[in-house]
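Below is one structure, written out as structure tokens, with a few remarks after it.
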Amino acid sequence: MTESFAIDVRGMTKRFGDHTVVNGIDLQVRGGEVYGFIGPNGSGKTTFIRMLCGLLAADAGEGSCLGFDVITESDAIKRQVGYMTQRFSFYEDLSIAENLDFVARMYGVENRREAVREGIERLGLAGRQKQLAGELSGGWKQRLALAACLIHNPRLLLLDEPTAGVDPKARQEFWDQIRELARQGLTFLITTHYMDEAERCDRLAYLSYGNLLTHGTAAEVIAGAGLSNPSLEDVFIHLMDSSKDNYSL
Ligand SMILES: Nc1ncnc2c1ncn2[C@@H]1O[C@H](COP(=O)(O)OP(=O)(O)OP(=O)(O)O)[C@@H](O)[C@H]1O
Ligand SMILES: [Mg+2]
């Protein structure tokens, strides 16, 4: 029996001018999995995510996302994907509830009022719904962003550095929330620069200069590195250093 993957793509490639920033990446993510996307600045993580949800046209590649063709059916994919961008992108002079209502309208969510109320409750935002988004601390902003990308009931969440600049306790709570949503069947592709977060992923992939250098569980990635008793961070630093020689700018 063939396993059904939430993401199953091969050879995904993006070039800007003569610069190949995503170079033939294959990726398979199982339904309900929390998959980590790790790699230095500029390695192609955001570009890959944008191709996956059809915001950016791929130059080459094929496969499926949520059972839809990743090249030709991007409209269908977008409807079932929640994408949390790397930068906070909400209206700072609208309240939490107003921002969520706006996003629900954009997606044409039925029972909008109910969806907004559920979003507020699910993310522990009750009591703060009238607070302006611009007045929230980093941790609460990220919670609002997560609530917003859940509002249309997606099956896959693409979270691009969702916890950048967030304090350790808020990061931990954010991850508890992610693990709970994954337990309920949601699939996640998450980029992060934090090692503790990489370790909380079911599996992960490491990118450098657009190339996928290693993937697997944290234990598999560590075991495959050929280093003596390394931490996950040691492995990533080693990969980053050795890939520099092959792909100098
Ligand atoms: N629209 C664009 N036009 C030209 N070059 C681009 C464009 N978008 C991204 N790039 C380049 O593509 C490369 C990959 O960028 P990308 O944003 O995907 O990296 P990243 O892994 O997400 O980095 P970070 O960890 O800093 O977010 C970089 O060299 C970047 O400058
Ligand atoms: Mg990025």
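Since every read-out is calculated from the coordinates, none of them should be taken as a lab result. Everything numeric in this text was worked out from a predicted model, so none of it was measured. Cβ placement follows ideal geometry from the backbone for every residue including glycine, while neighbour counts extend to all protein chains displayed.
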Under-5 Å amide H pairs with ALA60, H placed in peptide plane, nonlocal only: THR13
By counting other Cβ atoms within 10 Å of each Cβ, how are MET106, MET12, MET240 ranked from fewest to most? MET106, MET240, MET12
In terms of modelled amide H atoms, which long-range or inter-chain residues lie less than 5 Å from the amide H of MET84? LEU158, LEU159, ASP160
Which angle from 0 to 90°, rounded to the nearest 10, does the C-alpha axis of helix 96-106 make with the longest principal axis of the chain? 70 degrees
Relative to the compact-globule estimate 2.2 N^0.38 Å (N residues), the Cα gyration radius of the chain stands at a ratio of 1.02
In this model, which of LYS78/LYS169; LYS14/LYS244; LYS141/LYS169 are farther than 23 Å apart at the alpha-carbon? LYS78/LYS169
Which of LYS14, LYS169 has the fewest Cβ neighbours within 10 Å, and the rest in rising order: LYS169, LYS14
Per DSSP H run of at least 4 residues, take -39500 (n - 2.57); add these up for the chain, divide by its residues and hand me the 222 nm value, nearest 500 deg cm²/dmol. -11000 deg cm²/dmol
Classify region 115-174: rounded, prolate or oblate, from the alpha-carbon gyration tensor (a ≥ b ≥ c, eigenvalue square roots; a/c under 1.5 rounded; otherwise prolate if a/b is larger than b/c)? oblate
Ranked by Cβ crowding within 10 angstrom, fewest neighbours first, how are SER89, SER64 ordered? SER89, SER64
Using the Karplus curve 6.51 cos²θ - 1.76 cosθ + 1.60 with θ = phi - 60°, what ³J(HN,Hα) values do you get for each residue of region 221-238, in whole Hz, with x for Gly and Pro? 5, 5, 5, x, 7, x, 10, 8, 6, x, 7, 4, 4, 4, 4, 5, 5, 4
Protection proxy (average C-beta count within 10 Å per residue), highest first, orders 107-118, 194-205 as 194-205, 107-118
